[in-house]
Amino acid sequence: MTSPSATLAIDEAVQARREAGHDVLHLGFGEAGVPVAPGLAEALTDAHLRSGYGPVAGSPQARAAAAGWFTRRGLSTEPGQILFAPGSKPLLFALLAAIGGDVVLPRPSWVSYAAQAALLGRRVVSVPVPAEAGGIPDPGLLEQALRQADAGGARPGVLVLTVPDNPTGTIAPAEQVEAVCAVADRHGLAVISDEIYAELSHRGTASSPVRYLAERTVVTTGLSKSLALGGWRIGFARTPAGVWGGDCTRS
Ligand SMILES: Cc1ncc(COP(=O)(O)O)c(C=O)c1O
């Protein structure tokens, strides 16, 4: 019997307090609670006519739109590099499964990464975050933890970073992201950069790991947070151009 999801447990506790008449500000879910943007509401309404099964990686139109979205943000992207899924959560799980190896996580980190690693039978190497910001491990401690993991028989294969971060609500500075990517590169790790909160940064853009380890970083994102569409389950990933990214897309 596995333990219940921490976020779902918080949600149930909040609902129980609300039913008991308490006024509760729910910070347990990353949910803005704002109305759906007008243009978007029309597009979603019109989409009900397209009720058949679509291509597994997403429709050509959606993949082209997501590629354009990344390209407009300075990250040149082709539609073939994009994968869609019902939310970024299943994408994260699929990527962990496809990339392989034990999973390196910042500590603290969003609850689902370790749970997904456990479902896949992978070990978790958990590394404290630096004082400046969360979402990435401290680069020095990462180096140390990877050496210890290798010596202890673990096989770290993938590092998950969260930029901007949940649960700390901070954004790792560019130089820290770069330092962490250099360590990941030295140890041959792939990086999954969970950037689901990127559009909610009000202090300029966060520095994506994809800028420092382009050939082995997959970026995940979606419409759940900045567009408040969590229930619609629209997530997408940008895989790297090149052979490694192509393998990710086919797996
Ligand atoms: C860091 C982080 N990544 C991913 C997700 C899941 O997002 P999605 O709705 O795209 O599955 C959440 C949702 O709470 C989150 O906080």
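We did not get these values from a lab; they are worked out from the coordinates using the rules stated. Everything quoted here is computed from the prediction, not taken from an experiment. When we count neighbours, we look across all protein chains shown, and the Cβ atoms used for this are built from the backbone with ideal geometry, even at glycine.
Using a Gaussian network model of the chain in which every pair of alpha carbons under 10 angstrom is joined by a spring, one finds that among 122, 107, 17 the greatest mean-square fluctuation is at 17. Placing dummy labels 7 Å off each Cα toward the beta-carbon, the span from residue 98 to residue 247 is 1.2 nm. Within the chain, the proportion of Cα pairs with more than 31 Å between them is 25 percent. The amide H of residue 125, built 1.01 Å from its N in the peptide plane, has 103, 104, 105 as neighbours under 5 Å, considering only residues 5 or more places off or on other chains. Think of the chain as a dipole: +1 on every Lys or Arg Cβ, -1 on every Asp or Glu Cβ, centred on the Cα centre; then among 177, 237, 208, 237 lies furthest on the positive end.
Nearest 0.05, what FRET efficiency do residue 69 and residue 20 give at R0 = 35 Å with Cβ-Cβ as r? Before the final figure, lay out the partial values.
Values: r = 43 Å, r/R0 = 1.22.
Efficiency, rounded to the nearest 0.05: 0.25.
Taking the Cα centre of the range 131-236 as reference, the dipole from Cβ charges on Lys and Arg (+1) and Asp and Glu (-1) amounts to some 280 debye. Phi angles of the range 22-34 translate, via the Karplus equation with coefficients 6.51, -1.76, 1.60 and θ = phi - 60°, into HN-Hα couplings of 7, 8, 10, 8, 7, 9, x, 10, x, 10, 6, x, 8 Hz per residue; Gly and Pro are given as x. Each Cα pair under 8 Å and six or more residues apart adds its separation to the average, and for the chain the resulting relative contact order is 20 percent.
When the helices of the chain are scored as -39500 (n - 2.57) per DSSP H run of n ≥ 4 and the total is divided over every residue, the value at 222 nm lands at -11000 deg cm²/dmol. Taking 35, 106, 128 as the candidate residues, the one with maximal mean-square fluctuation in a Gaussian network model of the chain, Cα springs under 10 Å, is 35. Dividing the convex hull volume of the alpha-carbon atoms in the range 136-251 by its residue count gives 125 Å³ per residue.
Between residue 13 and residue 203, 0.36 nm times their residue separation minus their Cα-Cα distance comes to what?
Values: separation 190, 0.36 × 190 = 68.40 nm, distance 3.29 nm.
Going from the current span to full extension adds 65.1 nm.
Placing a label point 7 Å from the Cα of residue 78 along the Cα-to-Cβ direction, the residues of the range 43-67 with a backbone N closer than 18 Å are 57-67. One Cα centroid belongs to the range 37-55, the other to the range 147-175; the line between them spans 36 Å.
If R0 equals 51 Å, the separation of the Cβ atoms of residue 144 and residue 46 corresponds to a calculated FRET efficiency of about 0.45.
Largest GNM mean-square fluctuation among 174, 114, 47, using the chain with Cα springs under 10 Å: 47.
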